[in-house]
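Undergrad: Pasting in a structure now, in structure tokens, and then I'll have a few things to ask.
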Amino acid sequence: MRLIKTGLILMALVLTGCASQIQVQQADSWPGRENIEASAAITALVQQASTQRQEGLYREAIYTLERALRIAPNEPLIYQQMAWTRFEQQRLQEAEQLARRGISLSRSPAQREQFEILLDKINRDDT
């Protein structure tokens, strides 16, 4: 009788261990995880580029934003940051092209408005 109880307890422990391993595996491979990881990477890169731009490190900021574009080539925020960086470098034609690309990818009126503000500044500086 004792042997049967011991066997049942061992079996329960083994099954519990298997179940917890399955849960861990499922937690590591849930749908959408890649998008969140990419989003976190993009956010970090955009923040890094913003800091670089504020410090006057324009070349480094563009390089950082290009890395972000390789992760998310259709993210308007990256184009917005690149356009502002080029604007601050007085590379107005590139800034305008980036802003127009960003407008085409924008998902909200607020995003488009931010690009329009930049385009207005570019047109004022261009004349």
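The values are calculated or read from the model by the stated rules, or taken from the named source; none is laboratory data. Because the structure is a prediction, the values reported are computed rather than measured. Glycine also receives a Cβ, built like all others from the backbone with ideal geometry; neighbour counts cover every protein chain displayed.
Undergrad: Has the stretch 42-52 got any residue that is at pLDDT 95 or above, over 15 Å from the mean Cα position of the chain (by Cα) and not hydrophobic (A, V, I, L, M, F, W, C)?
TA: Yes, the stretch 42-52 has at least one match.
Undergrad: Also, I was wondering about something else. Quick one: is Gln80 under 24 Å from the mean Cα position of the chain (by Cα) and either part of a helix (DSSP H, G or I) or at pLDDT 50 or above (or both)?
TA: Taking the combined requirement at face value, the residue satisfies it.
Undergrad: Just give me the residues in the stretch 54-63 being part of a helix (DSSP H, G or I) and over 14 Å from Tyr79 (Cβ atoms), in sequence order.
TA: Gln54, Tyr58, Arg59, Glu60, Tyr63
Undergrad: While we're here: So if I check each of Arg70, Arg100, which one is in contact (Cβ under 8 Å) with a residue 12 or more places away in the chain, surrounded by fewer than 17 Cβ atoms within 10 Å (Cβ to Cβ) and in a helix (DSSP H, G or I)?
TA: Arg100 is the lone residue from the list that is in contact (Cβ under 8 Å) with a residue 12 or more places away in the chain, surrounded by fewer than 17 Cβ atoms within 10 Å (Cβ to Cβ) and in a helix (DSSP H, G or I).
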